[in-house]
Amino acid sequence: MNLEITFANNFFNVKGNLDRNNIHVFKKHFKNVFDNTNGITVSIENLSSIDRYGVSAIAQLHNEALVKNKRLSIIGLGQNSLYNHFKTEEAA
């Protein structure tokens, strides 16, 4: 399944597969997203699968929010690999 990103009012819905084949779409869509807003919400509820490149891209978005002092909310059950990535960062 291809990656589909829809948005309205700073709410982004990510649907499909987030992997190395379409990571450029994700990065292009979220490039400079924090320049015009104080925060965004990203729903990963409809994410079918994610590989380590996708996890890295979401982590980079998280780091950008921290650096720019912006709010990033990630909602939805999503994939365990993403949850485990952020859980291990908290422990470190």
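For the pair Thr37 and Phe11, how long in nm is the line joining their label points, each one 7 Å along Cα→Cβ?
That separation, rounded to one decimal, is 1.1 nm.
For the stretch 7-78, what does the relative contact order come out to in percent, with C-alpha contacts under 8 Å and a separation of six or more?
42
Compare the Cα positions of Ile50, Gly16, Val33 along the charge dipole of the stretch 7-78 (+1 at Cβ of Lys, Arg; -1 at Cβ of Asp, Glu; about the Cα centre) and return the one farthest towards the positive end.
Value: Val33.
Compute the Rg/Rh shape ratio of the stretch 7-78: radius of gyration over Kirkwood radius, all on alpha-carbon atoms.
0.93
Sorting check: for 35-41, 15-21, 70-76, which peptide has the highest mean count of neighbouring beta carbons within 10 Å, and how do the rest follow?
Result, highest mean Cβ count within 10 Å first: 15-21, 70-76, 35-41.
Rounded to the nearest 20 Debye, what is the dipole magnitude of the stretch 7-78 about its Cα centre when Lys and Arg each give +1 and Asp and Glu each give -1 at the C-beta?
160
Read-outs: derived from the displayed coordinates by stated rules, not from any lab. Keep in mind that what you see is a predicted model, and the values were worked out from it rather than measured. Every residue, glycine among them, receives a Cβ derived from its backbone with ideal geometry; neighbour counts consider all protein chains shown.
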